[in-house]
1. Picking from K127, K137, which residue would you name as being farther than 17 Å from S202 by Cβ and assigned to a strand (DSSP E or B)?
2. When the range 150-165 is examined, which residues are found to be crowded, with 24+ Cβ neighbours inside 10 Å and farther than 16 Å from V212 by Cβ?
3. Hey, can you tell me all the residues within the range 6-20 that are touching an Asp or Glu at 6+ places or on another chain (Cβ under 9 Å) and part of a helix (DSSP H, G or I)?
4. Exactly one of these conditions fails for T101: (1) touching a helix residue (DSSP H, G or I) at 6+ places or on another chain (Cβ under 9 Å); (2) under 29 Å from I144 (Cβ atoms); (3) hydroxyl-bearing (S, T, Y). Give me its number.
5. Would you mind stating whether A199 is more than 17 Å from the chain's Cα centre (by Cα) and assigned to a helix (DSSP H, G or I)?
6. Could you identify the single residue in V213, V174 that is touching a residue at least 60 places away in the same chain (Cβ under 8 Å), under 22 Å from G122 (Cα atoms), out of contact with any strand residue (DSSP E or B) (no Cβ under 8 Å at 6 or more places or on another chain) and not aromatic (F, W, Y)?
7. Which one of L167, L182 is out of contact with any helix residue (DSSP H, G or I) (no Cβ under 9 Å at 6 or more places or on another chain) and not β-branched (V, I, T)?
8. How many of the residues making up the range 140-187 are part of a loop (DSSP other than H, G, I, E, B), among the charged types (D, E, K, R) and at pLDDT 95 or above?
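The values are calculated or read from the model by the stated rules, or taken from the named source; none is laboratory data. Predicted model, so just to flag it, every value in this text is computed and none were measured. Using ideal geometry, Cβ is built from the backbone for each residue, glycine included, and neighbour counts are taken over all protein chains shown.
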Amino acid sequence: MSTTTELHEIAVKMVSGGKGILAADESSPTLSKRFEKLGIESTEESRRTWREMLFTTPSLSSYISGTILFDETFNQSFSSGQSFPEALTSLGILPGIKVDTGAKELQGFPGETVTEGLDGLGARLEKYREKGARFAKWRAVINIGDKTPSRTALVANAHALARYAKLCQQNDIVPIVEPEVLMNGFHTIEESFRATRAALLSTFEQLALFDVVLSEMVLKPSMVISGDKCEVQATEEEVANNSVECYRQCVPAAVAGIALLSGGQPDALATSHLNKMNSLHKDLPWPITFSYGRGLQDEAMRTWGGDKNNFNSAQAALFKHAQANFKAACGEL
């Protein structure tokens, strides 16, 4: 077993100095849908090639501390023959693994879900750790609607997040705890604030019940933002101020750091929101950085288009967004 200090050092490394996390953990069906929209054939090899191209971007480790992998990728190898976890480690990037099995309908609560994957999780984490995983991720999904989120959905998801986080720490793995409040809907930023606050408070209540060591975890929350169908969209400054205020009210100072999710925002907007948070608020008890998927990858995927001749251009697109978000995490964009 690693000592507490070692897990804390890994957690700090994931979020410090402006560096962020590349979320490349889309499931095979999800990635296939994105490929198909761009006319890219989705096969096990094309998905492997895409991710190897991302991770071999020159000097990526200057801005990216770690990357979250899907099980398929975690068990694949670079063209050199090195496993993905080994190759990432040699490139100076911490390998992580998505371990939940997805959000499923919460029986008796229409429109709400609970994330599954706890059965056998301890054994799976042990194997991932043996193969090089240093951190993991579990995503809870919270919907805002007329009668949601319910207290039941909040507690059910927070309970699962806490059990997962405890199992991670018992298996020498840093947990990324992700209670995502979806931006889909007509809700105002005020309603988003209330739902996000409730989700975070429930999450930390359950983390305390399971004695999860806060300095050995990273929080991956959604921003406090207007629903995508809301007539009145909050300004970048309003999003920044509401988000930081919500985190201040809910997130203990002991947490190693906050790595925001982009939640489907346009990549430039997600970067601007991150920059506003860090430029307007300098006295934060934890670093606020990024853990983006589409917010880092979208332009690179369009540029690549499944053509190996576009490797360099696609890598340049990823590098550009990684560098921009690094500057935003320092409040210097």
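1. Being farther than 17 Å from S202 by Cβ and assigned to a strand (DSSP E or B) holds for just one of K127, K137, which is K137.
2. Once the filter is applied, which keeps residues that are crowded, with 24+ Cβ neighbours inside 10 Å and farther than 16 Å from V212 by Cβ, the range 150-165 yields only L154.
3. Matches in the range 6-20: E6, L7, H8, I10, A11.
4. If we test T101 against (1) touching a helix residue (DSSP H, G or I) at 6+ places or on another chain (Cβ under 9 Å); (2) under 29 Å from I144 (Cβ atoms); (3) hydroxyl-bearing (S, T, Y), just (1) comes out false.
5. No: the conditions fail for A199.
6. The conditions single out V213.
7. L182
8. 1
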